[in-house]
């Protein structure tokens, strides 16, 4: 496909590679050959950047051989060979080499792009303790500012104060450091990030000892997260001298704390790991996290910028080399999912318990429909009461059938209330609804099948009015049930129970997560074995508002779209502010093949679906219209409720503050970029 929509670069991604070649000790001619082979492989797989290990052209563990003229001359010849070979390769290649300058030897990273040396970065911090004796061989480059070096007949910038900035890729700014540099309290890359570097490189020769790998991973993850950057790490591996040390060839790519790719350690063969780094995400995060900029202002770091043209193809479909979860609010990993459910459930219960404690209330009123949202809210209410040492009977639960309530949902409401031991009652609101329809002279009062918004909202309003008056009568508060997905889509009626309450425990919980929270409760029978069957049946019930009578039930997802897709759109639109085209690009890669990628373990085989680009674009259009054009006024008047997910909330007092009368045209215009 040649449409720009399918290009990585069009959406702010750069394909990065980390290489761990097999080396031969003190044999630059052999090592450059292996380097060129792997650079060509990275080129063939669409990489724009490839990183090699520390001193990879000479090998790292060669001790005093570093001071031999023959070895250093061979390294210089190898660099010249690599420069010549790179002319026909697309990626920016960064290799490690010992280089001489003004009578001193430096441990260097050399950045090469299509026959040109862009810059050379010397190692700043030389380990000279335990097994390391770099101070014996190298000079530190920490104090070098504005310096130059001659490499293969080219005079180029030299120093740790160099940033490589792509002139044709907004936000792509690269900084390089070497091994020990990231182990010190303030790594050079920290200041580089504050100066604008988004992709940080580390050429390493960290040897392998028991437990060290875990620390390296923690270090790289934390550093990339703190710097709001990508961090590429390449460690020496197979072929290095094992006279006194061993080497594991650990290669990793992190992005803002997330592991994108990792090579197997102790491999007998060369390893090339690749991932598509989202530079656009990093830029968006830095803009959003104002304290990052404040720190940059206070540090005022000074760096030289060397500009280069990436010249990445912008009309080629290279696929997407990164995990894009279909359910961004729900982890794929079963253990992590259980941990998230535990946290989310307890955040909800803690929030409600504190609200009751602060308000001096001992009772709550809740409407129970037999659907997902009210089920989750009821389970949370039970937990909150237990934490407060109050009986479950203090939960006044009501099922409120009307014109289109089905036997299945009403029976499930009753089964659940009885199984949980709450105070349960049924009040049919049909008569009250008919009276209001008559009072306002609605055609349905005369028997005409006019099932419009007024008809639906009369039922929703009757239920809500009843719940609030029951709360007044019983000195209680009304628990809201509307979830984050419904609030985003405006699939709620202003002033009624899915939008208004005294406290809404579900306000920042998306529909896809609510389903998993209920599964989590059912799986371990957390509320007794008698609740399991009813929870499973509720999970299997079609999502419907049940407001229009007829043989065919209303299908919510047929109107507002599949919640799985709309939660995906919600996450990337509000969490990162991505454009419609980028959101659709990610959605297409996540959802186009039901048989590819990982699904959460609780998703049954028959529930695994796929969506083509036309469907993705259609439902994204629905999302953008409803979210930006028609429903903000409902979110601007939300009651209190705890923030649960890192995906954010839509509280007007928290994550999402927006005018109720804004235009959606900028977002709708962006849809034109989607073929």
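The values are calculated or read from the model by the stated rules, or taken from the named source; none is laboratory data. Keep in mind it's a predicted model, so treat the numbers as computed, not measured. Methodologically, a virtual Cβ is constructed for each residue, glycine included, from the backbone with ideal geometry; neighbour enumeration extends over all protein chains shown.
Some values worked out for this structure:
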| quantity | calculated |
| --- | --- |
| Test for residue 610: is it without any contact (Cβ under 8 Å) to a residue 24 or more places away in the chain and touching a helix residue (DSSP H, G or I) at 6+ places or on another chain (Cβ under 9 Å) | yes |
| Subset of the range 575-584 (residues that are modelled with pLDDT of 95 or more and assigned to a helix (DSSP H, G or I)) | 580, 581, 582, 583, 584 |
| Hits in the range 62-79 (condition: in contact (Cβ under 8 Å) with a residue 40 or more places away in the chain and over 13 Å from residue 99 (Cα atoms)) | 62, 63, 64 |
| Scan of the range 275-308 for residues that are without any contact (Cβ under 8 Å) to a residue 12 or more places away in the chain and outside any helix (DSSP H, G or I), ordered by number | 300 |
| Residue satisfying condition, being over 39 Å from the mean Cα position of the chain (by Cα), surrounded by 15 or more Cβ atoms within 10 Å (Cβ to Cβ) and over 26 Å from residue 639 (Cα atoms), within set 445, 402 | 445 |
| Any hit, the range 37-47, residues being closer than 25 Å to residue 160 by Cα and modelled with pLDDT of 95 or more | yes |
| Sole residue being assigned to a loop (DSSP other than H, G, I, E, B), under 21 Å from residue 337 (Cα atoms) and without any contact (Cβ under 8 Å) to a residue 60 or more places away in the chain, chosen from 658, 596 | 596 |
| Residues of the range 518-546 that turn out to be part of a loop (DSSP other than H, G, I, E, B) and on the phi < 0 side of the Ramachandran plot, as a count | 9 |
| Set 55, 82, 89: member being assigned by TED's automatic domain parsing to the domain that holds residue 150, under 25 Å from residue 145 (Cα atoms), within 41 Å of the chain's Cα centre (by Cα) and surrounded by 19 or more Cβ atoms within 10 Å (Cβ to Cβ) | 55 |
| Residue tally, condition more than 15 Å from residue 257 (Cβ to Cβ) and touching a strand residue (DSSP E or B) at 6+ places or on another chain (Cβ under 7 Å), over the range 270-293 | 7 |
| Residue that is surrounded by the most Cβ atoms within 10 Å (Cβ to Cβ), among those in the range 1-18 that are touching a helix residue (DSSP H, G or I) at 6+ places or on another chain (Cβ under 8 Å) and not in a loop (DSSP other than H, G, I, E, B) | 17 |
| Failed condition for residue 498, given (1) assigned to a helix (DSSP H, G or I); (2) touching a strand residue (DSSP E or B) at 6+ places or on another chain (Cβ under 9 Å); (3) closer than 21 Å to residue 553 by Cα | (1) |
| Residues (in a loop (DSSP other than H, G, I, E, B) and surrounded by 20 or more Cβ atoms within 10 Å (Cβ to Cβ)) located in the range 153-164 | 159, 160, 161 |
| Residues (part of a helix (DSSP H, G or I) and touching a residue at least 40 places away in the same chain (Cβ under 8 Å)) located in the range 194-241 | 194, 213, 217, 223 |
| Subset tally (residues that are in contact with a strand residue (DSSP E or B) (Cβ under 8 Å, 6 or more places away or on another chain) and not in a strand (DSSP E or B)) for the range 165-176 | 3 |
| First in the range 534-545 and outside the structural domain of residue 524 (by TED's automatic domain parsing) and without any contact (Cβ under 8 Å) to a residue 40 or more places away in the chain, second anywhere and part of a helix (DSSP H, G or I) and surrounded by fewer than 18 Cβ atoms within 10 Å (Cβ to Cβ), Cβ under 6 Å, 6 or more apart | none |
| Qualifying residue in the range 313-320 (condition: out of contact with any helix residue (DSSP H, G or I) (no Cβ under 7 Å at 6 or more places or on another chain), more than 30 Å from residue 463 (Cα to Cα) and assigned to a strand (DSSP E or B)) | no |
| The range 170-193, subset surrounded by fewer than 20 Cβ atoms within 10 Å (Cβ to Cβ) and under 24 Å from the mean Cα position of the chain (by Cα), residue nearest to residue 140 (Cα to Cα) | 171 |
| Hits in the range 501-517 - residues which are in a loop (DSSP other than H, G, I, E, B) and crowded, with 24+ Cβ neighbours inside 10 Å | 501, 505, 506, 507, 508, 509, 510 |
| Single condition residue 280 does not satisfy, out of (1) over 15 Å from the mean Cα position of the chain (by Cα); (2) surrounded by fewer than 23 Cβ atoms within 10 Å (Cβ to Cβ) | (1) |
| Lone qualifier among 150, 167, 124, 140 - being modelled with pLDDT of 95 or more, surrounded by fewer than 18 Cβ atoms within 10 Å (Cβ to Cβ), assigned by TED's automatic domain parsing to the domain that holds residue 46 and under 20 Å from residue 189 (Cα atoms) | 140 |
| Only one of 649, 663, 587 that is surrounded by 15 or more Cβ atoms within 10 Å (Cβ to Cβ) and either over 22 Å from the mean Cα position of the chain (by Cα) or at pLDDT below 95 (or both) | 649 |
| Selection count where residues are surrounded by 15 or more Cβ atoms within 10 Å (Cβ to Cβ) and farther than 18 Å from residue 508 by Cα, scope the range 340-365 | 6 |
